[in-house]
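Every number here is computed from the coordinates shown, using simple stated rules; none is lab data. Quick caveat, the model's predicted, so the values are computed rather than measured. Because the Cβ atoms are built from the backbone with ideal geometry, glycine has one as well, and the counts that use them run over all protein chains shown.
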């Protein structure tokens, strides 16, 4: 009598000293392609904090347009200037406390007619290394870590059976058949 092999399992860990996690499904034979995939994740700046809006007027260098403390990432406001599609009046809205104690969006002091602008601190990008198991993406909860490690276990014949290459034979049945021949 042919027996099924024990299920094959994938065990992985996100960090070298982290806890080993079991993939929820069985791993088929042949095993799926398992690879580490790196993706860039956008990280917003820490809030609350002080932000600076930089702008470059036509023919000029970048300079500070506005600087203010905000409880959320500021919004850069832009308006067409004099119906000119290449120049904008820029400013910055920040989230601050009103005299009543409520948070509210207000305009930070400063504006500029500009062709380019940016905010500091701004968003940054950091790598996240996920594990791809066939078509499944296991999302790494950590950023800036090495690729996760993994191993496949199981797939052995159950106890009381003989491994015959591509199948498992029940020892009791094999033993009974051999005894029947004697």
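Apply 1/(1 + (r/R0)^6) to the Cβ-Cβ distance of residue 50 and residue 81, taking R0 = 25 Å, and write down the FRET efficiency to the nearest 0.05. Efficiency, from the Cβ-Cβ distance: 0.40. Considering the zone a paramagnetic label at residue 115 would reach in this model (a point 7 Å from Cα along the Cα-to-Cβ line), which residues of the range 82-109 have amide N under 20 Å from it? Answer for this model: 82-91. Highest mobility in the GNM of the chain, judged by mean-square fluctuation with C-alpha springs under 10 Å and restricted to 126, 73, 102, is found for 102.
Extending 7 Å from the Cα toward the beta-carbon at both residue 96 and residue 43 defines two label points whose distance is 2.9 nm. Residue exposure proxy: 94, 41, 115, ordered by other Cβ atoms within 10 angstrom of their Cβ from fewest to most, comes out as 41, 115, 94. Placing one identical point scatterer on every Cα of the chain and ignoring solvent, what is log10 I(q)/I(0) from the Debye formula at q = 0.14, 0.15, 0.17 Å⁻¹? After summing over all Cα pairs, the log10 values are -0.89, -0.94, -1.02. Projected label points at residue 11 and residue 28, each 7 Å from Cα along the beta carbon direction, are separated by 2.5 nanometres.
Work out the FRET efficiency for residue 71 and residue 142 from their Cβ-Cβ distance, taking R0 = 30 Å, and round it to the nearest 0.05.
Details: r = 27 Å, r/R0 = 0.90.
Efficiency at R0 = 30 Å is approximately 0.65.
Between residue 180 and residue 132, the FRET efficiency from the beta-carbon distance, with R0 = 41 Å, is close to 0.20.
Principal-axis analysis of the Cα atoms of the chain puts helix 171-181 at an angle of about 20° to the longest axis. Rounded, prolate or oblate: which one fits the range 61-113, using the alpha carbon gyration tensor with axes a ≥ b ≥ c (rounded when a/c is under 1.5, else prolate when a/b beats b/c, else oblate)? It is prolate, given that a/c is not under 1.5 and a/b is the larger ratio.
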